[in-house]
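Below: one structure, written as structure tokens.
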Amino acid sequence: MAVHLEFEYPIIELEEKIVALHRYSKTHAVDLAQGMELLEQQLAATREKLFSGLTAWEKVQLARHPQRPYPQDYIQAIFSDYLELHGDRTYADDHAIVGGFAKLNGRKVMVIATQKGRNLKQNIDVNFGSAQPEGYRKALRLMKLADKVGCPIICLIDTPGAYPGIAAEERHIGEAIAINLREMFRLKVPVVCAITGEGGSGGALGLCVGNRVLIMQCGYYSVITPEGCAAILWRATDAVPKAADALKLTSTDLLKLGIVDEIVPEPVGGAHRDPKTAAQLLRDALCNNLAMLAAKSDDELRAERYERFRKLGQFSEG
Amino acid sequence: MQGFFGKTISPLGKASPKADIPAGVWLKCKGCEQTIAQSALDSNLQVCPVCGHHFPLTAGQRIALLSDEGSFQQLGEGLSSVDTLDFAHDNSYPRKLKETQAKTGLKDAVVCGCATLDGTPYALAVMDFRFFGASMGSVVGEEITRLTEEATRRHLPLVIVTASGGARMQEGALSLMQMAKTSGALMRHDEAGLPYIAILTHPTTGGVTASFASLGDVILAEPKALIGFAGPRVIKETTRSELPPGFQSAEFLLDHGLVDRVVPRAKLRAELAQLLVYLSPETTAGCTTAGRQA
Ligand SMILES: [Zn+2]
């Protein structure tokens, strides 16, 4: 069943009108081409207008849209010969982060991706997209393997955040993320990260120490959810849109701040309106960025990754 | 001032406004709920003489505890936070920054510099919970990174005393990036073969836990300190279950393998000095046959 967000209704209404008109013209054998064309134009204009005028909070909702393509969908659409590898060799195989060798445009890569479920059963399996420590440890194991065999790494991220659970703390989720942050700086291969939906705080960052960090147009990347921020600062749920705006978490804000290097455009209305095109656009961006890094030496890749993060931060001296 | 085990240590809290509190001020201990004289705490490293509850130290007090008197040299003048995001467009962040600076005498939530302890030189960063709950924003990230880079350049061991309520939300994703930045600097320090000791104090949570606090070659913690990634309230709400007894305490993390040692404050200086010696390259004088037989 299709799920629509409130601000999508004007589009949905027009689409339904067009479908109805189409059906009418068929059953009654009348030519309504002119009316249809007008409606199509109106639809395109409405989509553009709505899409370009979205608030930060609406963008967050789009990033969380239940019909949005998830990293596993992009793996299927973009890569070939995906060979998944399991487990952190210590405790478990966390299904919230998967990874393995694959081919992108004929070249081998290690792809690592967070997972979200489409239904309750899947969501229980992937813990609603929130990884346990084992997910981060598996990811690092696979990154080190890729590093050893000179294979570029691609991380696809769409997670509300690492899991705030009792067992996660007992097995040191903070340490697991910290180790990933440090060790990703050691990698000698190109690392390209793409936030395809939610970039939820440390849980996203734990896979995001790349030479290049991309974000899809409707994705967000934030230190805290707008809900969490609103609760802490204003103790009010109706402050959520205000918090989303204040956090500067949209792709355009992040590009301005230098936190992401590139915005991957999405089809008008968002990736869920045209998943095929969205996948194509992401594929192009990943290929371009890998090509950009292909000629660089181990040392250059490491030094540039360090510098990329080293310069992030704003303060006044003295 | 006479410290524990008859060892003379430098007076604490000289630079702290708290030292100006007149004698005779009383407060209720959070550990045992007894009424305690501030002077009793001042002469006991801010540890409750009745139950051993560790009250927080200011950065100045902590530096005095962990370094030879007069040896601490602050790195630079200290940086100040800026309201880059124009957070919530209400000027509340810069206003609160100014207020907190005036109240604490600190520029932000960390003080960084180089010091010696029993003559061993090392780099020291101390977070101060009074400043925005020692949340990590651009300044904390940059200062820790600069200190770590300086330690790498000068081949110094690094010690970071952590405390943090989490990220500096008012700096958005820039504050998140400080986790990566500091961890990158620690990678280079590690790669240079230099040791790093993390000392976790109450409370150490959020982004600091998920970056430098968890990356120590040796991790010490003060008794009963709360240490975790997610806060207990968030975990309780998310999982809708009761938290196990002592959950996220220093002792719990010792049991669960994150922390090397839980060290009461009275022993912290001596243990750090001992560790710094163990972690330094051994001088030939220390490893003669005669020395081993003795
Ligand atoms: Zn007490």
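Under the condition of being open to solvent by 50 Å² or more (accessible area, probe 1.4 Å) and near the ligand (Cβ under 9 Å from one of its atoms), which residue from segment B:34-60 is nearest to the other protein chains (Cβ to nearest Cβ)? Quick ask: steps written out before the conclusion?
From segment B:34-60, those open to solvent by 50 Å² or more (accessible area, probe 1.4 Å) are B:34-35, B:39, B:42-43, B:49-51, B:53, B:56; that's our starting set.
Cutting the leftovers down to near the ligand (Cβ under 9 Å from one of its atoms) gives us B:34, B:49-51, B:53.
Working: B:Gln34: 31, B:Pro49: 32, B:Val50: 30, B:Cys51: 26, B:His53: 23 Å.
If we take residues in segment B:34-60 being open to solvent by 50 Å² or more (accessible area, probe 1.4 Å) and near the ligand (Cβ under 9 Å from one of its atoms), then B:His53 is nearest to the other protein chains (Cβ to nearest Cβ).
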A:Ala246 is checked against (1) within 11 Å of chain B (Cβ to nearest Cβ); (2) under 19 Å from A:Lys116 (Cα atoms) and fails just one. What number does that condition carry? (2)
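Tally up the residues in segment A:198-247 that are in a loop (DSSP other than H, G, I, E, B) and closer than 23 Å to A:Met143 by Cβ, please. Can you show your working first?
Within segment A:198-247, the subset in a loop (DSSP other than H, G, I, E, B) is A:206-211, A:217-219, A:223-225, A:234-236, A:247.
From the residues that got through so far, the ones that are closer than 23 Å to A:Met143 by Cβ too are A:206-211, A:219.
The total comes to 7.
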Take segment B:165-223 and flag every residue that is crowded, with 24+ Cβ neighbours inside 10 Å, more than 7 Å from chain A (Cβ to nearest Cβ) and hydroxyl-bearing (Ser, Thr, Tyr). B:Thr182, B:Thr201, B:Thr204, B:Thr205
Kindly establish whether B:Arg269 is modelled with pLDDT of 95 or more, within 29 Å of A:Ile166 (Cα to Cα), buried (at least 20 other Cβ atoms within 10 Å of the Cβ) and more than 13 Å from chain A (Cβ to nearest Cβ). no
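With A:Cys208, A:Cys151, A:Cys193 as the choices, which residue is assigned by TED's automatic domain parsing to the domain that holds A:Leu83, out of contact with any Ser or Thr (no Cβ under 8 Å at 6 or more places or on another chain) and under 13 Å from B:Ala210 (Cβ atoms)? Give the steps one after another, and end with the answer.
Details: A:Cys151 fails: under 13 Å from B:Ala210 (Cβ atoms); A:Cys193 fails: under 13 Å from B:Ala210 (Cβ atoms).
Step by step, each of A:Cys208, A:Cys151, A:Cys193 is checked, and only A:Cys208 is assigned by TED's automatic domain parsing to the domain that holds A:Leu83, out of contact with any Ser or Thr (no Cβ under 8 Å at 6 or more places or on another chain) and under 13 Å from B:Ala210 (Cβ atoms).
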Does segment B:67-93 hold any residues that are in contact with a Phe, Trp or Tyr (Cβ under 9 Å, 6 or more places away or on another chain) and either more than 10 Å from every other protein chain (Cβ to nearest Cβ) or under 19 Å from B:Leu147 (Cβ atoms) (or both), and which are they? B:Ser67, B:Leu79, B:Ser80, B:Ser81
Qualifying residue in segment B:2-15 (condition: among the basic types (Lys, Arg), at pLDDT below 95 and either over 19 Å from the mean Cα position of the chain (by Cα) or within 16 Å of the ligand (Cβ to nearest atom) (or both)): yes
Cβ-Cβ under 9 Å, sequence separation 6+ or interchain: first residue in segment B:236-260 and more than 8 Å from chain A (Cβ to nearest Cβ), partner open to solvent by 50 Å² or more (accessible area, probe 1.4 Å) and hydrophobic (A, V, I, L, M, F, W, C). Which pairs? B:Asp260/B:Leu254
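Within segment A:37-56, take every residue that is under 22 Å from A:Ala20 (Cα atoms) and among the small types (Gly, Ala, Ser) and give me the one that is surrounded by the most Cβ atoms within 10 Å (Cβ to Cβ).
If we filter segment A:37-56 for residues that are under 22 Å from A:Ala20 (Cα atoms), which is where we start, we get A:37-47.
With among the small types (Gly, Ala, Ser) added as a condition, the list becomes A:44-45.
On the way: A:Ala44: 13, A:Ala45: 11.
Of everything passing the filter in segment A:37-56, A:Ala44 is surrounded by the most Cβ atoms within 10 Å (Cβ to Cβ).
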Just a yes or no: is a residue in segment B:123-139 out of contact with any Asp or Glu (no Cβ under 9 Å at 6 or more places or on another chain), farther than 28 Å from A:Ala204 by Cα and open to solvent by less than 10 Å² (accessible area, probe 1.4 Å)? yes
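The values are calculated or read from the model by the stated rules, or taken from the named source; none is laboratory data. Quantities reported herein were computed from a predicted structural model and do not represent experimental measurements. We place every Cβ from the backbone using ideal geometry, glycine too, and count neighbours over all the protein chains shown. Quick note on the areas: whole protein, heavy atoms, side chains included, nothing else; ligands and nucleic acids left out. Shrake-Rupley method; radii C 1.70, N 1.55, O 1.52, S 1.80 Å.
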